[in-house]
Amino acid sequence: MSILKCHEVLNRSIVHTKGVYLYDEDNIAILDFEAGIWCMGLGHNIPRINNAIKLQVDKVIHLNHRLISKEANYLSNDLLDLVGLSSGSSVFLSSGSEAVQLGIRITKLVNPGETIVFKSSYLAAYNLQEQNENWISVDYSNCDNCKKIKCDSSCSVLKHVDFSNIKNFLFEPATCGKVSFPPKKLVELIYDHVR
């Protein structure tokens, strides 16, 4: 029984996996379209990967985000060489929230100034929207009733926005638990102003 009711829980016990398939108690194969919720992109139960994990478990299982390992440095160098950026740098992240936060930090370094976001954006588990005073939040929940063919800055959704100091447009259609797309005409207008 599931305590957390965020998603429907299927009453099928998975007993083994192989490649892109999950197998239940009746050995029925289920294609894993979500790749184990995005963390099994190379597939399940791959012997080469399993062996590497087994070797690493006896050395180090997990490090704090402020610590490094030689293996991570080797991987970083190999990846940079592979893409032809041997004098570059890399960062390894553990979650989508960290990736969002890094993207925001890099954007702010490159383009200091205000950032426009949609009020419904999830923007990572760190609740980043509430922590940023240089963000202009746009609530498009009333846009469904709009009959205009093209958005303009006089609409009620944008009338509070002064685009003169907005340097960044952070567009994330994900909200907690679902994806909600703002009207294309609104996204295009904001893009044209910020660009």
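Laboratory data are not the source of any read-out in this text; all were calculated from the coordinates shown. No experiment lies behind these values; they were computed from the predicted model shown. No Cβ is skipped: glycine too gets one built from the backbone with ideal geometry, and neighbour counts run over all protein chains shown.
Can you sort 186, 123 from fewest to most other Cβ atoms within 10 Å of each residue's own Cβ?
186, 123
Can you list the HN-Hα couplings for segment 150-159, worked out from phi with the Karplus curve (6.51, -1.76, 1.60; θ = phi - 60°), rounded to whole Hz and with x for Gly and Pro?
Going residue by residue, I get 10, 6, 9, 5, 7, 5, 5, 5, 10, 4 Hz, with x marking Gly and Pro.
Please work out whether the chain counts as rounded, prolate or oblate from its C-alpha gyration tensor, where a ≥ b ≥ c are the square roots of the eigenvalues and a/c under 1.5 means rounded, while otherwise a/b larger than b/c means prolate and anything else oblate?
The shape class here is oblate.
Among 82, 22, 42, which one moves the most in a GNM of the chain with springs linking Cα atoms closer than 10 Å?
Maximum fluctuation in the GNM of the chain, among the listed residues, is at 82.
Determine the calculated [θ] at 222 nm for the chain from helices alone, applying -39500 (n - 2.57) to every DSSP H run no shorter than 4 residues and normalising by the residue count; nearest 500 deg cm²/dmol.
On the way: 5 runs with 54 residues, N = 195.
-8500 deg cm²/dmol, from helical runs alone.
Provide the net charge surrounding residue 158, with neighbours chosen by a C-beta distance below 11 Å and charges set as Lys +1, Arg +1, Asp -1, Glu -1.
-2
In sequence order, what are the phi-derived ³J(HN,Hα) couplings for segment 180-195 according to the Karplus relation 6.51 cos²θ - 1.76 cosθ + 1.60 with θ = phi - 60°, rounded to whole Hz, with x for glycine and proline?
10, 8, x, x, 4, 5, 6, 4, 5, 5, 4, 4, 4, 5, 7, 4
Springs between alpha-carbon pairs under 10 angstrom, Gaussian network model over the chain: which of 108, 167, 184 fluctuates most?
Maximum fluctuation in the GNM of the chain, among the listed residues, is at 184.
Do you know the relative contact order of the chain, to the nearest whole percent, from alpha carbon pairs under 8 angstrom that are 6+ apart?
For the chain, the relative contact order is 14 percent.
In what order do 115, 107 fall by count of nearby beta-carbon atoms within 10 Å, going from fewest to most?
Taking fewest neighbouring Cβ atoms as first place, the list is 107, 115.
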